[in-house]
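For reference, the structure discussed in these notes is given below.
No lab work stands behind these numbers, since they all come straight from the coordinates. Not measured: the values here are computed from a predicted model. Quick reminder, even Gly has a Cβ in these numbers, built from the backbone with ideal geometry, and neighbours come from all protein chains shown.
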Amino acid sequence: MRFLLDEHVYPCLAVYLRFLGHDAEAVAKERARDLMGKPDDVVFSVAVTDNRIVVTFNADDYVRLHEEFHKTGLDHPGIVLSPERRYADFEVVFRWIDRLLEDVPPRAFPNQLHDLSLYMG
C-alpha cells in the first residue's frame, strides 16, 4: 500500500512502513520541499493524486476533508487518524499501525477513515 505521513507524524514511521513492504513518504522528510507547511487540503490533494493513504494526527481537518469528498462523490485512497503521541512514544504508534494492517485488508481503505485509537488495546 502507499502512504503519505502528514508533517507532524514521525518520519521514522515511513521507514517502518517501508520495512513492512509498503511505499511510504513523510511530508517532514521525503516531501518537505513541496509540502512542508502547506494547508491540509493541499497535502490531501497530493495524496489523492498520488493514490496515497494519509496518516495524520490532525483529525479535525481530515474528518472535514473526508466529509467534503463524501458529499461531492469524490474518491480518496483513505485516511488513518492517530492520537498524537510524544516522539518518545512513537513505538506505540507502530504497534497500532501493525494492528490496523492486520485487521483491515487493503481493499477496505479507499474512501474510509480508520482511527488508530481503536487499536490502542
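Out of Glu30, Glu25, Glu68, Glu84, I need the residue that is acidic (Asp, Glu) and touching a residue at least 60 places away in the same chain (Cβ under 8 Å). Which one?
Just a single option satisfies the conditions, and that option is Glu84.
Taking Val63 as the residue in question, decide whether it is out of contact with any strand residue (DSSP E or B) (no Cβ under 6 Å at 6 or more places or on another chain) and touching a residue at least 40 places away in the same chain (Cβ under 8 Å).
Yes; evaluated as a whole, the condition is true for this residue.
Output the residues belonging to region 65-102 that are closer than 17 Å to Gly21 by Cα and not aromatic (Phe, Trp, Tyr).
Within region 65-102, Arg95, Ile97, Asp98, Arg99, Leu100, Leu101, Glu102 qualify.
Output the number of the condition that Phe19 fails; it satisfies all remaining conditions of (1) in contact (Cβ under 8 Å) with a residue 40 or more places away in the chain; (2) out of contact with any strand residue (DSSP E or B) (no Cβ under 7 Å at 6 or more places or on another chain).
Checking Phe19 against (1) in contact (Cβ under 8 Å) with a residue 40 or more places away in the chain; (2) out of contact with any strand residue (DSSP E or B) (no Cβ under 7 Å at 6 or more places or on another chain), the one that fails is (1).
What number of residues in region 29-47 are of a type in the set (A, V, I, L, M, F, W, C), surrounded by fewer than 17 Cβ atoms within 10 Å (Cβ to Cβ) and within 24 Å of Leu101 (Cα to Cα)?
Number satisfying all stated conditions: 0.
If I go through region 68-83 residue by residue, how many of them are farther than 18 Å from Thr49 by Cα and surrounded by fewer than 13 Cβ atoms within 10 Å (Cβ to Cβ)?
Total meeting the criteria: 1.
Looking only at residues that are surrounded by 13 or more Cβ atoms within 10 Å (Cβ to Cβ) and among the acidic types (Asp, Glu) in region 48-67, which one is nearest to Phe90 (Cα to Cα)?
Among residues in region 48-67 that are surrounded by 13 or more Cβ atoms within 10 Å (Cβ to Cβ) and among the acidic types (Asp, Glu), the one nearest to Phe90 (Cα to Cα) is Asp61.
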